[in-house]
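Written out below as structure tokens is the structure these notes cover.
Just so it is clear, none of the values below were taken in a lab; they were calculated from the coordinates. The structure displayed is predicted, hence computed values, not measured ones. Reconstructed Cβ throughout: ideal geometry from the backbone, glycine too, with neighbour counts over all protein chains shown.
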Amino acid sequence: MSTRAKEIIAIASITVFALIFYIRKVTGGLPFEFPMAVTYGVIGLLALSLLWILILTIQGKLIERRVVFVYVAFAVGLPLFMPISQKMTISPEVQQLYDAVLEQKPGSRVLISFDYDPPSAPELQPMAESFIRLCFERDLQVIIMGLWPQGPQQANLALQKVLEEEAIAAKNLQYGVDYVNLGFQSGNEFVIQGMGDSFKKKFPTDYQGRPYDDIPMLSNVKNFYNIDYCFNLSSGFPGSVEWVQVAVDRYGQDMGAGNTAVQAPTMYAYLNANQLNGLLGGMNGAAEFEILCDYEGKGRKYMVSQSFSHVVVIAFVLIGNVAFFMSGRKSALNGEKEQA
Amino acid sequence: MDHFSLWLAAFLTLGIVSFLYKDNAWYKISEAIFVGISAGYWVVSLFWDNFYAKFWKGVFPEDQLNEAGEVIQAAQPDYWLFIGGALGLLMLLRLVPKIGWMSRWSLAFIVGATSGLWLMNYLSSNVLVQIQGTIVPLFSSAFGTGFDATWETAVQNIVILVGTFTGLVYFYFSKEHKGAFGRTARVGIFFLMITFGASFGYTVMSRMSLLIGRIDFLLHDWLGMIE
């Protein structure tokens, strides 16, 4: 059979598979969950097959790179079916952020800047949800804004999810009184600088076009001096670095940050210098914060997949090194033979 | 999301992932759609958020009216914005090769103004406060409190001191890295390696998170196979 024919069969199979499951979902089919025995079986099979690949590599038989992709896909996808969770210890920086929120008195104003877009949502959206939920639980007033155009939309998604929760819904929180979304403002770090002078100048209206002066909870909010705590969710520029440089170092704002894992190592320098008083780094930080907030979000759910995929990556790094050293020894041996 | 949006999102996600198998038409279509939509989104966003909202509405503002149609606050045009508008127009002159050199004036303004505005911020946040952060008492919880630090804090402080010092030595190129100086620089390399390793580990975690997000979309939102 030609390669083209195999490809067509593969695409047709995926389409049929998808159609079957989609129809099942639409007709009210329930999600799957592996029993524990199957879970252990799958984990054992994955481990054994990795061992088998290692043995093949030692024997000098190298696997195709696509096999690595399939393993990573399995490592990420299969744990989502498993009824297992991961034990986690709380990092000091996550605890610090949690404590900083707990220190705020009811009615305190918390500014949250959503400086990310949908591609970073798997890491930052769980942080956003658990942070907003914690603020509402503690009866804090939440002011939302964004330096990225899609940030306020991500905020609305998080708000919608949190407000649907029974305990939060029971509080009957009102838009404009308990929380507000000021929307996006272009200008990057200069927006933060301008907010040091006047919030109203930078955000004359909220996300829905309502004038600043018509929003009751903002009646006494002129600039950073009227904000009790600031939290920034960021996946790049403009983001946490700019917030530290302006809001923290220039205006003395107390601030915590939640960052994508790529950005997190940069932020530890600011944390150690006390420019930040809390940090959530990547999915790990999100999951730890969910544990502290006693919130069953996606951070914790995703962490099992995250750990499985890390194990697979580490296994293939080891296998790759074995292949490298084996090939080096082989070529060295060949060289010795030629010399003899 | 409705049925069509879900299937379209799944089609594009699988299209991008199909590159792992090999470069193909499905991938190219998905990539072209992504690039086109991104460019279009940014053009529209920049036009409405910058040109219209800031320049146009600043220069030609509207009076604030009450419900009866009476003027509450008369509009006050901000003509200073014409300077920014003119500099913006000069940037577009790059499209005319003969007078394209005039766009350098705008660039010069941007570089000069940004440097001036941010010099102090960077100096303060990324230099002075960071230096302050590395000046820590080795065996005390704070300056002047005696030897009261826990052993974890003491080790952490010593690592900060050694790491900062050896790292700086490594980046000192006016002296050849030989003898004791070279060995110190070599320790600095180890610290740098550990830093890069930590960054790499975090990057792997971040990339995996993106993949988990997409797989969750496929299995949960699209096919409803997981909770």
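At-a-glance table
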| quantity | calculated |
| --- | --- |
| Stokes-Einstein D for the stretch A:1-126, Kirkwood Rh over Cα pairs, 10 °C, 1.306 mPa s (µm²/s) | 78 µm²/s |
| In Hz, Karplus ³J(HN,Hα) per residue of the stretch A:44-52 (6.51, -1.76, 1.60; θ = phi - 60°; x = Gly, Pro) | x, 4, 4, 5, 5, 5, 5, 5, 5 |
| Burial ordering of A:Y225, A:Y98, fewest other beta-carbon atoms within 10 Å first | A:Y225, A:Y98 |
| Angle in degrees between helix B:103-122 and the longest Cα principal axis of chain B, rounded to the nearest 10 | 40 degrees |
| Built amide H within the under 5 Å cut-off of A:G258, gap 5+ | A:N232, A:L233, A:S234, A:L280 |
| Calculated log₁₀ intensity ratio I(q)/I(0) where the Debye formula runs over C-alpha points of the protein assembly as shown, q = 0.07 Å⁻¹ | -0.55 |
| Net charge, B:G182 excluded, C-beta distance under 12 Å - Lys, Arg +1, Asp, Glu -1 | +3 |
| DSSP-assigned coil residues among trypsin sites (Lys or Arg not before Pro) in the stretch B:122-227, each with at most 14 further Cβ atoms within 10 Å | B:K175, B:K178 |
| Residue-count net charge about A:E33 - beta-carbon cut-off 14 Å; Lys, Arg +1, Asp, Glu -1 | 0 |
| Distance between the stretch A:132-160 and the stretch B:1-42 - C-alpha centres, whole angstrom | 29 Å |
| For B:T166, A:T3, B:T153, order by how many other beta-carbon atoms lie within 10 Å, fewest first | A:T3, B:T153, B:T166 |
| The stretch A:3-44: Cα Rg divided by the 2.2 N^0.38 Å rule of thumb | 1.66 |
| Over the stretch B:136-227: Kirkwood hydrodynamic radius from C-alpha pairwise inverse distances, Å | 16.9 Å |
| Mean separation of Cα contacts under 8 Å (6+ apart) over length of chain A, as relative contact order % | 22 percent |
| Entries of A:K202/B:K57; A:K25/B:K28; A:K161/A:K200 with Cα pairs more than 20 Å apart | A:K25/B:K28; A:K161/A:K200 |
| Sites B:H177 and B:L8 - FRET efficiency at Förster radius 60 Å, r taken between beta-carbons, to 0.05 | 0.60 |
| Shielding score for B:197-205, defined as the mean number of other chain Cβ atoms within 10 Å | 6 |
| Lys, Arg +1 and Asp, Glu -1 on Cβ, resulting dipole of chain B about Cα centre, debye, nearest 20 | 1480 debye |
| Least to most buried among B:I72, A:I63, B:I212 (fewest other Cβ within 10 Å first) | B:I72, A:I63, B:I212 |
| Centre separation in Å (Cα based) which lies between the stretch B:155-191 and the stretch A:1-60 | 50 Å |
| Average beta-carbon neighbours from other chains, 10 Å sphere, peptide B:30-36 | 0 |
| Inter-centroid distance (Cα atoms) of the stretch B:101-127 relative to the stretch A:65-85, Å | 47 Å |
| Folded to 0 to 90 degrees: helix B:25-46 orientation relative to chain B principal axis, Cα | 80 degrees |
| Shielding by partners - mean other protein chain Cβ count within 10 Å, residues of A:259-266 | 6 |
| Leading residue at positive end of dipole, the stretch A:220-340 (Cβ point charges), from A:V262, A:S309, A:F231 | A:S309 |
| Per-selection metrics, chain B (Cα): Rg and Dmax in Å | 28.5, 85 |
| Table column - 3J(HN,Hα) (Hz), the stretch A:212-229, Karplus curve with 6.51, -1.76, 1.60, x for Gly and Pro | 3, 5, 8, 9, x, 5, 9, 4, 10, 9, 9, 8, 4, 5, 9, 10, 8, 8 |
| Degrees, to the nearest 10: A:3-26 long Cα axis against longest axis of chain A | 40 degrees |
| Efficiency of FRET from Cβ geometry, B:V44 and A:K6, R₀ 35 Å, rounded to 0.05 | 0.25 |
| Over the stretch B:94-163: Kirkwood hydrodynamic radius from C-alpha pairwise inverse distances, Å | 16.0 Å |
| Rg(Cα)/(2.2 N^0.38 Å) for chain A, N = residue count | 1.25 |
| At 0.692 mPa s and 37 °C, Stokes D of the stretch B:36-103 from Kirkwood alpha-carbon radius, µm² per second | 228 µm²/s |
| 5 angstrom amide H check on A:Y179, placed H, neighbours 5+ away | A:V142, A:Q174 |
| Cleavage-rule hits, chymotrypsin sites (Phe, Trp or Tyr not before Pro), the stretch B:157-227, DSSP coil, Cβ neighbours within 10 Å at most 11 | B:F171, B:F173 |
| Whole-Hz couplings from phi, Karplus 6.51/-1.76/1.60, listed for the stretch B:203-209; x for Gly and Pro | 5, 4, 4, 5, 5, 5, 4 |
